[in-house]
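First up is the structure itself, then whatever we jot down about it.
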Amino acid sequence: MKTYSLLLSTLLLLTCLSSRAQNESDGLKILDPRSSNYKTAAHFDKIKMNITPQGVFANVDIEMELSSHNTAFSNLDSLEIEYKFTLPHGSHIHAAWLWMNDIPVEAQLYEKDHAQFIYESLVNRRVDPLIIYKNSNETYEARIFPVNRNEARKVKFSILIPINANDKVIDLPLPLSMFRCDQPSVTPNIEIQIKNNTFWGKPDVWPSAQTVVEQPTETTFVLPSSKTNLNSIYSLLFSNKTASDLMIINPENANAGYYQLMLSPKDTAQGQHFIFAIDYKQNSKLSDAEIYNALKSKLLFELNEKDSFNIVYKKNGQVITASPSWLSATTATVSQTMDNLTLTTANSDNMNYQVILKCIEFNNMNVNKGSILLITNSNSQYNSAQECNTRLNLLQTNMPIVYPINVLHVGTTFEYDFYTQASNTPWYNNDYFLSNLVSMTGGHFNKRLLNEIPYYESSYRSLGDALSIAINNIMPNYTLFDVNYTFAGILSNRYKLPKLPIAKQRRTYIEVGRYFGQGPVTVNKYYNVDTTLHSETYVLNPEIDSNGLTKKMWAGSYLQDLTDANSSGTYSSIIVNNSIEYQVLSEYTAFLALEPDTIVKPVNNHGPLKITEHTGTIGMTISAAPNPFYDVQNLVVDPKDLSPNSQWEL
């Protein structure tokens, strides 16, 4: 028997697809890869979301039909779709499908450069592929080829999305912004189906939902894809959850596996007082109604019935309060107050000074002082630092007791306003006034760039994310000292969700990890609220995960932790191996869906690789692909079934 050793030197593609795909905005685009780099907005023909609660995550299946309808490319064949989108922080894509001849073909995970190499090769050959890869912790990109005239391509993504929770409600972030496009008038309504769950309870269906059907096992409805809905709805609330504590395990064997843990701490703090001030100038990107809707959603989640609140806003050139006294933050009162605001006509003038002064005057009339959060997009009311300083001094004079004033500055652009004469420093929008206001009162200044079609910029956040960050700054904190367990075994590789150094007292503690051992778990939790030490104890009997998704929840957190620590490339091969093993997308892998005759078997990380694929008397076919982390791969071929005089061609 003769053995022939073939030494192949691989060509590594170190660029991410093409430069034209890196600097464009989020959204659904269509282009002709044969002739031009020009691209335009593609079309969503159909959108459907299936939501299944899975403990501390939800599994969200998103089906979409995408096409070139109503575009400049409508009459062309062999087009390519480029789709950039953002998912909630901590989400994990763990499966994808592309329909070929009405048959769903499941995508497989490959090393990222390997998958890109295959995809580009197949585009040149006009063969059906789908590729999905992860650009950062929250940003993703998919490409689909081909898209022909008058024809839609159907795809499906399976995504694990982590919940937020507190002692009264579960908040599920939803990526509705991924359905925004440059053709909002033709975006279809979104069909949403939610599996009812005894732990989560039934969802609080949005008022704008249509065709609502509530059944014992599921709730279905249609959400109109209006610009207002897509811009201002960021989550789905479940206010009827039936339990506070939960542990679910995904056994690998009798003594080891994966777990998810959810603990709702007791709210030991007294009720808080909050003033939410809105000085928002109407524009074509986000309306004042969209600001009110987004704020309403956040207040329903963040506030509880012990809290009090008020709203300061503009109406017909005047600054007014929603109530002359504190309002109790019940669900009904929050909803009614915010709904009434959406019926008002906001003044387009910038009135930061007058709005803040009204907040201070309201606080001065009440024994209980409220934390103030100003939400604004205004430019400067004044043309010089001297004018701004005069107004700041007046505000300070009106504050007998200094308390923090916090600012969320949201804008579609940040434009130059004026220079300070002393330092010749440029100031943008109302930054000089707002930053000094925050500085002199000890508040927080959050500045976020908002766009209808967001860009890959570090300053960008969705309105929902920006509001969450700003509201968290005025919520009571507790310093988490320790969470330990009494367990007949050990818990390891623990990841807290989300990863925050300071936990919010009203927020549920959520964790995923691995376990080794058996039996119930006694949880001891120690934390500090306003210098007072508190402790809580929980005894949990774990439930069994019947579908294996707890393992993927842990794997996604593990992969992201390795990625965050991989600046030198030390963990690259570990990330690739574990991403493929657990079938969870990482920044070093890509999902690739191919026609059956184009599937390529991946090469192991360590050679030599023995391939003995005999295809009959005609010859032998060897299918292999390069590993992006090794520039040399040995292929050992054993032609034991061929005669010694056979002719070989490579």
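The values are calculated or read from the model by the stated rules, or taken from the named source; none is laboratory data. Keep in mind it's a predicted model, so treat the numbers as computed, not measured. We place every Cβ from the backbone using ideal geometry, glycine too, and count neighbours over all the protein chains shown. With ligands, DNA and RNA removed, areas are computed over all heavy atoms of the protein, side chains included. Shrake-Rupley method; radii C 1.70, N 1.55, O 1.52, S 1.80 Å.
What's the number of the only condition in (1) in a loop (DSSP other than H, G, I, E, B); (2) within 20 Å of LEU300 (Cβ to Cβ) that PRO216 fails to meet?
Looking at each condition in turn, PRO216 falls short on (2).
Go through (1) assigned to a strand (DSSP E or B); (2) under 22 Å from HIS89 (Cα atoms) and name the single condition ASN229 misses.
Of the numbered conditions (1) assigned to a strand (DSSP E or B); (2) under 22 Å from HIS89 (Cα atoms), the odd one out for ASN229 is (1).
Would you call THR331 within 37 Å of the chain's Cα centre (by Cα), open to solvent by 50 Å² or more (accessible area, probe 1.4 Å), of a type in the set (Ser, Thr, Tyr) and within 20 Å of GLY464 (Cβ to Cβ)?
Spelling it out, THR331 is indeed within 37 Å of the chain's Cα centre (by Cα), open to solvent by 50 Å² or more (accessible area, probe 1.4 Å), of a type in the set (Ser, Thr, Tyr) and within 20 Å of GLY464 (Cβ to Cβ).
Six or more apart or on different chains, Cβ atoms under 8 Å: show the pairs whose first residue is in region 390-405 and at pLDDT 90 or above and β-branched (Val, Ile, Thr) and whose second is surrounded by 13 or more Cβ atoms within 10 Å (Cβ to Cβ) and outside any loop (DSSP other than H, G, I, E, B).
ILE405/ILE356; ILE405/CYS359; ILE405/ILE372; ILE405/LEU374; ILE405/LEU437; ILE405/VAL438; ILE405/THR441
Table: residues versus (1) modelled with pLDDT of 95 or more; (2) touching a Phe, Trp or Tyr at 6+ places or on another chain (Cβ under 7 Å).
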site	(1), (2)
VAL123	no, yes
ASN135	no, no
GLU141	no, yes
ASN148	no, no
SER158	yes, no
PRO162	no, yes
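Kindly establish whether ASP307 is acidic (Asp, Glu) and closer than 15 Å to ILE275 by Cβ.
yes
Scanning for something in contact with a helix residue (DSSP H, G or I) (Cβ under 7 Å, 6 or more places away or on another chain), in a strand (DSSP E or B), of a type outside the set (A, V, I, L, M) and within 30 Å of VAL521 (Cα to Cα), does region 245-253 turn up at least one residue?
So far as region 245-253 goes, yes, one or more of its residues are in contact with a helix residue (DSSP H, G or I) (Cβ under 7 Å, 6 or more places away or on another chain), in a strand (DSSP E or B), of a type outside the set (A, V, I, L, M) and within 30 Å of VAL521 (Cα to Cα).
Quick one: ILE170 ticks every box in (1) in contact with a Gly (Cβ under 6 Å, 6 or more places away or on another chain); (2) crowded, with 22+ Cβ neighbours inside 10 Å; (3) of a type in the set (A, V, I, L, M, F, W, C) bar one, so which box is it?
So ILE170 meets the others, but not (1).
For (1) modelled with pLDDT of 85 or more; (2) open to solvent by 10 Å² or more (accessible area, probe 1.4 Å); (3) aliphatic (A, V, I, L, M); (4) part of a loop (DSSP other than H, G, I, E, B), each residue gets a yes or a no:
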site: LYS266; (1), (2), (3), (4): no, yes, no, yes
site: GLY271; (1), (2), (3), (4): no, yes, no, yes
site: PHE274; (1), (2), (3), (4): yes, no, no, no
site: ILE278; (1), (2), (3), (4): yes, no, yes, no
site: SER284; (1), (2), (3), (4): no, yes, no, yes
site: GLU290; (1), (2), (3), (4): no, no, no, no
site: PHE309; (1), (2), (3), (4): yes, no, no, no
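Does SER573 qualify as being within 17 Å of ILE159 (Cα to Cα), at pLDDT 85 or above and either part of a helix (DSSP H, G or I) or hydrophobic (A, V, I, L, M, F, W, C) (or both)?
For SER573, the condition - within 17 Å of ILE159 (Cα to Cα), at pLDDT 85 or above and either part of a helix (DSSP H, G or I) or hydrophobic (A, V, I, L, M, F, W, C) (or both) - is not met.
Does LYS298 count as of a type in the set (Lys, Arg) and in contact with an Asp or Glu (Cβ under 8 Å, 6 or more places away or on another chain)?
No, not satisfied.
How about region 311-328: which of its residues are among the hydroxyl-bearing types (Ser, Thr, Tyr) and open to solvent by less than 30 Å² (accessible area, probe 1.4 Å)?
Answer for region 311-328, where residues must be among the hydroxyl-bearing types (Ser, Thr, Tyr) and open to solvent by less than 30 Å² (accessible area, probe 1.4 Å): TYR313, SER323.
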